[in-house]
1. Across the stretch 53-87, which residue is farthest from the chain's Cα centre (by Cα) among those that are of a type in the set (S, T, N, Q), assigned to a helix (DSSP H, G or I) and closer than 28 Å to Lys10 by Cβ?
2. Do you know which of the residues in the stretch 27-76 that are touching a helix residue (DSSP H, G or I) at 6+ places or on another chain (Cβ under 7 Å) and modelled with pLDDT under 90 is nearest to Lys107 (Cα to Cα)?
3. Which condition number does Asn98 fail, the rest of (1) part of a helix (DSSP H, G or I); (2) more than 25 Å from the chain's Cα centre (by Cα) being met?
Amino acid sequence: MADPVRLIKKYPNRRLYDTQTSAYITLADVKELVLKNENFQVVDAKTGENLTRSILLQIILEEESSGSPMFTSDVLTQFIRFYGNAMQGMMGSYLERNIQLFSELQKKMQEQSQSLYGGNKASQDLWNQFMAFQGPAMQSLVSSYMDQSRSMFLQMQEKVQNQTRNMFTGFGFPGYQATGEEGTSSANEAAGKSPEGERKS
């Protein structure tokens, strides 16, 4: 049976009240719930509106404002450009899937560390130190994975664009030419032939 959702109420004075512990908590406490994989929900104490996503965004903002941000200004700029873009929904699913895959990788590595060194704190500290030394190697691995993932996304984007172009060509919109026809036209021009197959004089 799944654990019941831990309800946290947000009051007009911006204070957060944990109904499970009957005490006021801070954003840092909510972050700890996230790290512990606690199932919780933040709601407006007056209207009952779900504010969980808003609170999580506040936590991310605080983390990004600290000394070790995860996203560069360039990445954040790209995020903003995707809002309202036709690819917004696809980009959201793409990022979500990649984060899931990365989380699975992290979980497997943690399980391996427990099987090798046991579950006590001293062994975990040794594993953390080892991973700290392996930082450059891990960064290279992640960078390689992201490059491959980026290539896959660009290929998917190009495929969608080609399908859209072909669809518009089928409807007879002026200015749109099917991908195959475009390639044939370019090849004919390079060979000095007209579209009917006759060589230009």
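The values are calculated or read from the model by the stated rules, or taken from the named source; none is laboratory data. None of these values were measured; they are calculated from a predicted model. Quick reminder, even Gly has a Cβ in these numbers, built from the backbone with ideal geometry, and neighbours come from all protein chains shown.
1. Quick first cut of the stretch 53-87, residues of a type in the set (S, T, N, Q) only: 54, 58, 65-66, 68, 72-73, 77-78, 85.
After this cut, where a residue has to be assigned to a helix (DSSP H, G or I) as well, the list is 54, 58, 65, 73, 77-78.
Narrowing further to those that are closer than 28 Å to Lys10 by Cβ: 54, 58, 65.
Working: Ser54: 17, Gln58: 17, Ser65: 19 Å.
Among residues in the stretch 53-87 that are of a type in the set (S, T, N, Q), assigned to a helix (DSSP H, G or I) and closer than 28 Å to Lys10 by Cβ, the one farthest from the chain's Cα centre (by Cα) is Ser65.
2. Met70
3. Condition (2) is where Asn98 drops out.
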